[in-house]
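A.B. asks: I'd like to ask you about the structure that follows.
The values are calculated or read from the model by the stated rules, or taken from the named source; none is laboratory data. None of these values were measured; they are calculated from a predicted model. Note that we place each Cβ from the backbone using ideal geometry, even for glycine, and neighbour counts take in every protein chain shown. For accessibility, only protein heavy atoms count, side chains too; no ligands or nucleic acids. Shrake-Rupley method; radii C 1.70, N 1.55, O 1.52, S 1.80 Å.
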Amino acid sequence: MATIAQPKPEIMRTLPGDAVRQIQWRFADRYELQMLVQSARGVARGPVARLVAGGQRNSHEWTPEKNELLAAFDNAGITGVFMDPEHGGFISGPKNLALALVAFELAWVDGGAATGSLAGCLALAPIHERGTPEQVAKYMALAAPAMPGEDRKPWRGAFALTEPIPYVGVDTGMLSGKLRVAEWNHGEPMLQVEKRGRFITNIGFANFVTAAVDSDDERIKGSCMVILEEGDPGVFDRGTPTKKLVHQLSSTGDPIFSLKIPASRIVGGYTVKDGVIVPNYSHSEVIEAVFRRTRVTVGLMTSAKLLSAVEPVIRYQRGRFRGAEMATPGTLRYELGIQQREDALHRLVDVWATGEASAALGFAAARLFDELDPLERQKTEILKQKGIQGGRAEMKAMREAESRAIQLLQMKEDDPRRKRAELANDPLIRFAVLDTQANVLCPATKLWNTGYGVNMMREAVSLMGGYGITEDCPGFLANKWMDAQLEATYEGPEAVQRRQLSITMTNELFLAQFRLWIKEMRQIASERPGTGACTLSTAMGMWLWTLEHLQNSKDANGDKLYSGPRQGVTFALADALGHLLASRCQILDVIELEKRGPDDAVVAEGLTGTLQFMTDLCHVQAARAAGEVSRICAELVYGYNRHPAWDVEGYKACFLSDELEAYESFAPGLGSCAPDVIGINGSHPAKAGPCAGCAGSADFLRIQNKLATCLTGSRLAKDRAAEAVSKVMIPEALDYPA
């Protein structure tokens, strides 16, 4: 029977450029962000790259050469990104996406440079998020770069949360920094701060520090954050430089502070009640507002490393055999090198797909916070107008808003439009929906991008052979691999992110949205089956089924499975969720490119090939996510059951040999279906016990079987992507020094 030949898909011509990324990451209509990207890129691939190539990563000290980066950041507008226009900045409104793009561009070359830039923003973040109007105005103006005609140097800041060894990383809720009243006569109280920091970035040149401290005086209630200045009376000791193996282009040390400051330096202000100073915000309330935003940018630093590795690896693989006697121009060995072989291409496709997925997840989270920030301020104002103040009262009001939000999400098309519009336009409901998303996407970005990303970065280095671990490796891949190890611990290591996810991902409002995302992926699968959305939707359904199963199940000892102490359960499900969220965001990015690409003249040329490649990468990543989810969920569903033994209960699941012979007489072939047979004399197969059954988990097996069939076509997608990688054009040389 004759078959119809399928047309060969168009191959991607060049590596995705700025125009493609602007559409994917949703800033094609924001000229100020496009200019910021170019400016940050100029610093990264100019001064930063020259410092790395010149060996400045070989010293722990903050050298004069490294110090020149600060002026480069100022001149490029990087320092001013965090400020509002009234404080010397140039971007109005939320700046999460802007900061994410800056971090991405700097980390494309060096993680330390990106960290140094972000650390200044981190020092200002407590003031920006929770500071009094006076604090915001003062320190934003001091930290802003000098305007033309101004004769001043901008202040630099550092953020001091963690404590020195042996306390470092033990518990951010337990502080060793202490605060007590030094003087309190008639006017403003003067406070004595005792603080020792550990691994504090920017401390080598910081003019001020935002530090977390706890009360050491009955006249001060609880913990808070305070602002320390280098000119305050007492000791402002920057400490010795930390002997880091990574991020040497940022200044890091272990400072010691023993300073006297006015009480007006308490971040967010304070009140006096019955002779006790009561800070308006505890230190944990301040850092919660800060870290839920800044963790996203750290996650994107690892994404940049993965995507930046693609071009150097391609160049190395293709040129691997050039110069050899048998590799003459025009031969496959000369033109393709290692890329003649499928393994090298497939492994690079995996690295590339991970980079695309992690960038998609990180930038989605950054955009989400840009949307959430104004709603958060609106929410605060609404509650204030209603007279709702205090933790419990606000939590109750938001629980009611979450209930109404779930009602909105569960509405059907035939429900009254007026009621739907009323709920959809309620700012508290809109805030609740986005806030529950943010509470999941933020830790998921930090966990998956840095945790899983660093493993894939090792894969990228290995694709360079021995060259990958040399100092002159193109693209500084060995440096980036090592830097990623540190990024995985910044602002809370994996355990912190998993712990947060284990709580936020079970929120009913988030799960209501997650169910809609499953439907969304199924709809996409019907229109664009090549994206792997079918595979992803089934994997998402498996994850949700497993979560609900574990929440209502006990282990073989009768203990509850899904609970705080059972981190072997909760943390594993958090890991699985990260794979799903990243894959979903990657697919949505490609759909955005498909929709808006034809309207851009630069993107439209060659769009078919680019879309085909990006779609295949989605399919590859969805298959990887599905495999990880299937493995994790199967372990959790079955792994807490006790294996059957050769006892009375175990025998109930087995056939007796004489019974089986009798059954065979009227049902031939039945014996081949019997997994375990007990002999007349009690003999049994030589193993620990009868084969484990699947009682109570037939639904899981059904989903798992469906998921296996949903993988259809994923390896063909990988083959197509590999072919595209072997043929894509790359520049003659990297645009920054080796």
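A.B. asks: Over region 467-581, what is the relative contact order in percent, taking alpha-carbon pairs closer than 8 angstrom and at least six residues apart? Numbers along the way, then the final one.
C.D. replies: Working: 70 pairs, mean separation 25.0, N = 115.
Relative contact order of region 467-581: 22 percent.
A.B. asks: So what is the orientation-averaged projected area of the chain, using the convex hull of its C-alpha atoms, in nm²?
C.D. replies: Over every viewing direction, the Cα hull of the chain projects on average to 43.8 nm².
A.B. asks: Ok, one more. Can you find, among Asn479, Ser462, Gly390, the residue sitting farthest towards the positive end of the charge dipole of the chain, where Lys and Arg contribute +1 and Asp and Glu -1 at Cβ?
C.D. replies: Farthest towards the positive end: Gly390.
A.B. asks: Further, regarding this structure: Report in % the part of the accessible area of region 357-439 that belongs to carbon and sulfur, leaving out ligands and nucleic acids; probe 1.4 Å.
C.D. replies: Ligands and nucleic acids excluded, carbon and sulfur reach 46 percent.
A.B. asks: Then there is this: Once the Cα gyration tensor of region 332-376 is found, what semi-axes does its equivalent ellipsoid get, as square roots of 5 times the eigenvalues, in whole Å, sorted largest first?
C.D. replies: Value: 41, 8, 4 Å, ordered largest first.
A.B. asks: How are the Cα pair distances of region 66-123 distributed, in percent, across 5 Å bins from 0?
C.D. replies: Pair shares across the bins are 4, 19, 31, 29, 12, 5, 0.
A.B. asks: Thr712 to Thr470: extension gain in nm, 0.36 nm per residue of separation minus the Cα-Cα distance?
C.D. replies: Additional length available on full extension: 83.1 nm.
A.B. asks: Moving to a separate point now. Principal axis lengths of region 26-89 from Cα atoms, whole Å, largest first?
C.D. replies: Projected onto the principal axes, the Cα atoms of region 26-89 cover 41, 26, 15 Å.
A.B. asks: Can you compute the equivalent ellipsoid semi-axes for region 227-281, i.e. the square root of 5 times each eigenvalue of the Cα gyration tensor, sorted largest first and rounded to whole Å?
C.D. replies: In descending order the semi-axes read 32, 14, 9 Å.
A.B. asks: Which distance in nm do the two modelled labels at Glu659 and Lys243 give, with both placed 7 Å along the Cα-to-Cβ direction?
C.D. replies: If labels sit at Glu659 and Lys243, their model points lie 7.0 nm apart.
A.B. asks: Using θ = phi - 60° and the Karplus curve 6.51 cos²θ - 1.76 cosθ + 1.60, what whole-Hz ³J(HN,Hα) does each residue of region 308-316 get, with Gly and Pro shown as x?
C.D. replies: 6, 7, 4, 5, x, 5, 4, 4, 5
A.B. asks: Still on this structure, please answer the following. Give me D for region 1-136 in µm² s⁻¹, whole number, from Stokes-Einstein with Rh from the Kirkwood sum over alpha-carbon pairs, 37 °C and 0.692 mPa s.
C.D. replies: 191 µm²/s
A.B. asks: Convert 37 °C to kelvin, take the viscosity as 0.692 mPa s, use the Kirkwood radius over C-alpha pairs of region 312-421 as Rh, and evaluate the Stokes-Einstein diffusion coefficient in µm²/s, rounded to a whole number.
C.D. replies: In µm²/s, the coefficient rounds to 165.
A.B. asks: Measure nothing fancy, just the Cα-based angle from helix 698-710's long axis to the longest principal axis of the chain, in degrees from 0 to 90, nearest 10.
C.D. replies: Tilt relative to the chain: about 80 degrees.
A.B. asks: For region 523-599, restrict the atom set to alpha-carbon positions and state the Rg and Dmax in Å.
C.D. replies: 17.0, 61
A.B. asks: Over the chain, average the accessible area per residue using a 1.4 Å probe and give it in Å², no decimals. Intermediate values should be presented prior to the final figure.
C.D. replies: Details: 32810 Å² over 738 residues.
I get 44 Å² per residue for the chain.
A.B. asks: A further question on this structure: Provide the percentage of antiparallel DSSP beta bridges, counting only those with both residues in the chain; round to the nearest 5.
C.D. replies: Here the share of antiparallel DSSP bridges comes out near 75 percent.
A.B. asks: Compute from the Cα atoms of region 161-315 the Rg and the Dmax, the latter being the longest Cα-Cα distance, and quote both in angstrom.
C.D. replies: 18.5, 71
A.B. asks: A further question on this structure: What does the charge add up to near Pro85, with Lys and Arg as +1, Asp and Glu as -1, over the other residues with Cβ less than 12 Å from its Cβ? Write down the numbers at each step before the final one.
C.D. replies: Working: positive: Lys95; negative: Glu32, Asp84, Glu86.
So the environment of Pro85 carries a net charge of -2.
A.B. asks: Stokes-Einstein D for region 426-538 at 25 °C, 0.890 mPa s, Kirkwood Rh over Cα pairs, in µm²/s?
C.D. replies: Translational D for this selection: 146 µm²/s.
A.B. asks: Quick one: in region 358-512, what % of C-alpha pairs are over 21 Å apart?
C.D. replies: Numbers: 7061 of 11935 pairs.
The share of Cα pairs beyond 21 Å in region 358-512 comes to 59 percent.
A.B. asks: For region 604-644, just the Cα set please: Rg and Dmax, both in angstrom.
C.D. replies: 18.1, 62
A.B. asks: Quick one: 3J(HN,Hα) in Hz for region 493-501, Karplus 6.51/-1.76/1.60 with θ = phi - 60°, rounded, Gly and Pro as x.
C.D. replies: Working through the residues one at a time gives x, 3, 4, 5, 5, 5, 4, 5, 4 Hz.
A.B. asks: Within straight cross-link reach of Lys519, meaning Cα distance under 27 Å, which lysines are found once same-chain residues fewer than 8 apart are removed?
C.D. replies: Within the straight-line limit of under 27 Å, Lys519 reaches these lysines: Lys412, Lys419, Lys446, Lys595, Lys706, Lys718.
A.B. asks: How tilted is helix 714-727 with respect to the longest principal axis of the chain? Cα atoms for both, answer in degrees (0 to 90, nearest 10).
C.D. replies: With rounding to tens, the tilt is 60 degrees.
A.B. asks: Roughly how many debye, to the nearest 20, is the charge dipole of the chain about its Cα centre, given +1 on each Lys and Arg Cβ, -1 on each Asp and Glu Cβ, and no other charges?
C.D. replies: That gives the chain a dipole magnitude of about 300 debye.
A.B. asks: Normalising by the residue count of the chain, find the relative contact order in percent from Cα pairs under 8 Å and 6+ residues apart.
C.D. replies: After rounding, I find 15 percent.
A.B. asks: Packing-wise, with mean Cβ within 10 Å as the measure, how do 191-203, 16-28, 380-392, 140-152 rank, highest first?
C.D. replies: Numbers: 191-203: 22.8, 16-28: 19.5, 380-392: 11.1, 140-152: 13.6.
For the peptides 191-203, 16-28, 380-392, 140-152, the packing ranking is 191-203, 16-28, 140-152, 380-392.
A.B. asks: Which percent of the accessible heavy-atom area of region 1-118 goes to carbon and sulfur, probe 1.4 angstrom?
C.D. replies: Working: 2740 of 5000 Å².
C and S fraction of accessible area: 55 percent.
A.B. asks: Still on this structure, please answer the following. Counting pairs of alpha carbon atoms under 8 Å apart in space and at least six apart in sequence, what relative contact order in percent does region 1-133 give?
C.D. replies: Over region 1-133, the number comes to 23 percent.
A.B. asks: Further question on the same structure: Net charge near Met301: determine it from the other residues with C-beta under 9 Å of the C-beta of Met301, scoring Lys and Arg +1 and Asp and Glu -1. Walk me through the numbers on the way to the answer.
C.D. replies: On the way: positive: Lys305; negative: Asp483, Glu487.
Around Met301, the surrounding residues sum to -1.
A.B. asks: How do 593-604, 237-248 rank on mean C-beta neighbours within 10 Å, highest first? Before the final figure, lay out the partial values.
C.D. replies: Numbers: 593-604: 15.0, 237-248: 17.2.
Listed from highest to lowest mean packing, they are 237-248, 593-604.
A.B. asks: Take the alpha-carbon centre of region 407-475, take the same for region 360-403, and report the distance between them in whole Å.
C.D. replies: So the separation of the two Cα centres works out to 19 Å.
A.B. asks: Further question: Between the alpha-carbon centers of region 304-353 and region 509-581, tell me the distance in whole angstrom.
C.D. replies: Here the answer is 37 Å between Cα centres.
A.B. asks: Relative to the present Cα-Cα distance, how much length would full extension add between Ala692 and Glu183 at 0.36 nm per residue of separation?
C.D. replies: Computed gain between Ala692 and Glu183 is 176.1 nm.
A.B. asks: Using the Karplus curve 6.51 cos²θ - 1.76 cosθ + 1.60 with θ = phi - 60°, what ³J(HN,Hα) values do you get for each residue of region 567-581, in whole Hz, with x for Gly and Pro?
C.D. replies: Per-residue couplings from phi come out as 6, x, 9, 5, 5, 5, 5, 5, 4, 5, 5, x, 4, 5, 5 Hz.
A.B. asks: Tell me, what % of the accessible area of region 210-333 is carbon and sulfur with a 1.4 angstrom probe?
C.D. replies: Answer for region 210-333: carbon and sulfur cover 51 percent of the accessible area.
A.B. asks: What nm value, rounded to one decimal, do you get for the distance between Thr380 and Asp216 when each label is placed 7 Å out toward the C-beta?
C.D. replies: Computed distance between label sites Thr380 and Asp216 equals 3.1 nm.
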